[in-house]
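Here's the structure, in structure tokens; my notes come after.
The values are calculated or read from the model by the stated rules, or taken from the named source; none is laboratory data. Just so you know, these numbers come straight off a predicted model, no measurement behind them. Heads up, the Cβs are rebuilt from the backbone with ideal geometry, glycines too, and the neighbour counts pull from every protein chain shown.
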């Protein structure tokens with residue numbers, strides 16, 4: 001009977017144990033990762049996959065690829081995924097609504113530029129007053145929020161009142177620029193790097209560089225997010241995941257060839273594409289999640305709350321950002 005009981009207990013433990021341990025490899029609960037199919041977060045996770053860093057830290061996972069940020073944000077808020085790469089303002093909004101979202105690290109500060117045609121008379125943000133300006137993310141996105149905060153805090157321009165914002169995908173925005181229907185356009189990461197290489201457009205403003213000029217370290221607008229319940233149940237998994245992420249960052253900085261490979265993968269064929277990726281994306285990868293960086297996140301959220309109002313972000317919820325899972 002004791003032998004039978006021990007077998008029964010072992011069977012129960014194997015079935016109930018959610019994460020891999022030596023001897024229990026057959027029964028594994030996979031971490032569900034929500035990641036957009038393109039952009040900066042796809043770049044980071046692809047490095048993690050190629051270098052088998054999640055396997056290195058014994059994290060079985062299922063990647064759930066999502067096409068649009070709003071869909072991903074909803075999945076994080078509704079706990080459909082355990083960890084997701086979410087926009088900071090969206091995560092703050094979800095937590096303020098009682099969803100329990102939790103930001104445990106940043107990934108990238110903006111690799112986004114406001115572009116104008118090369119021969120445009122527009123020289124400063126003030127020149128855009130009264131004009132039509134495109135943006136790829138919509139007024140509630142983290143990137144557009146940073147753009148709004150910069151314009152209001154340091155250029156005296158209220159983007160919601162002083163000009164007309166037009167939301168459209170990057171290729172559509174370029175078409176509108178070419179036809180003279182937009183004075184400028186805030187582009188996504190890839191478009192911000194690709195279109196200036198053609199020689200037809202120039203950068204009016206780099207979001208991160210502008211923020212750093214006025215306020216020091218730029219906030220991360222793309223973050224690693226989870227939820228309170230998962231964090232309480234699996235703090236070790238979060239720490240190991242961040243160890244894998246930081247290994248990926250070290251690998252990127254130590255292997256310049258990766259930019260050439262990435263340029264090919266996203267079909268950036270213009271001369272100088274790999275160098276543009278390296279010079280613009282490399283410095284924007286977040287490799288320190290300390291008090292200074294968290295202060296930059298909170299300062300940005302406060303500016304966004306003041307500018308966007310309660311319909312977008314009524315408050316900065318307590319407990320949104322933590323460094324408790326730093327390796």
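Numbers for the structure displayed
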| quantity | calculated |
| --- | --- |
| Matching residues, region 290-327, being under 19 Å from residue 104 (Cβ atoms), surrounded by 18 or more Cβ atoms within 10 Å (Cβ to Cβ) and touching a helix residue (DSSP H, G or I) at 6+ places or on another chain (Cβ under 8 Å) | 296, 297, 300, 301, 317, 320, 321, 325 |
| Helices (runs of 4 or more DSSP H) contained entirely in region 257-314, each with at least 2 residues that are modelled with pLDDT of 90 or more and under 21 Å from residue 36 (Cα atoms) | 257-265, 273-281 |
| Filter result for residue 287 (more than 17 Å from residue 145 (Cβ to Cβ) and out of contact with any strand residue (DSSP E or B) (no Cβ under 8 Å at 6 or more places or on another chain)) | yes |
| Sole residue being over 22 Å from residue 306 (Cα atoms) and surrounded by 15 or more Cβ atoms within 10 Å (Cβ to Cβ), chosen from 219, 196, 121 | 196 |
| Unique residue being out of contact with any strand residue (DSSP E or B) (no Cβ under 9 Å at 6 or more places or on another chain), assigned by TED's automatic domain parsing to the domain that holds residue 229 and surrounded by 19 or more Cβ atoms within 10 Å (Cβ to Cβ) when the list is 81, 47 | 47 |
| Enumeration of residues in region 161-191 that are assigned to a helix (DSSP H, G or I) and farther than 28 Å from residue 296 by Cα | 171, 172, 173, 174, 175, 176, 177, 178 |
| Where residue 186 falls short, out of the listed (1) under 19 Å from the mean Cα position of the chain (by Cα); (2) over 18 Å from residue 289 (Cα atoms); (3) at pLDDT below 95 | (3) |
| Answer from 199, 98, 170, 156 - the residue that is under 22 Å from the mean Cα position of the chain (by Cα) and either modelled with pLDDT of 95 or more or on the phi > 0 side of the Ramachandran plot (or both) | 98 |
| All positions within region 115-141 that are at pLDDT 95 or above and on the phi > 0 side of the Ramachandran plot | 130 |
| Failed item, numbered, when residue 144 is tested on (1) surrounded by fewer than 20 Cβ atoms within 10 Å (Cβ to Cβ); (2) out of contact with any helix residue (DSSP H, G or I) (no Cβ under 7 Å at 6 or more places or on another chain); (3) at pLDDT below 90 | (1) |
| Hey, residue 145 outside the structural domain of residue 285 (by TED's automatic domain parsing), touching a residue at least 40 places away in the same chain (Cβ under 8 Å) and assigned to a helix (DSSP H, G or I) or not | yes |
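Table: residues versus (1) assigned to a loop (DSSP other than H, G, I, E, B); (2) touching a residue at least 24 places away in the same chain (Cβ under 8 Å); (3) more than 23 Å from residue 218 (Cα to Cα).
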position: 81; (1), (2), (3): yes, yes, yes
position: 98; (1), (2), (3): yes, no, yes
position: 102; (1), (2), (3): no, yes, no
position: 110; (1), (2), (3): yes, yes, no
position: 134; (1), (2), (3): no, yes, no
position: 140; (1), (2), (3): yes, yes, no
position: 154; (1), (2), (3): no, yes, no
position: 159; (1), (2), (3): yes, yes, no
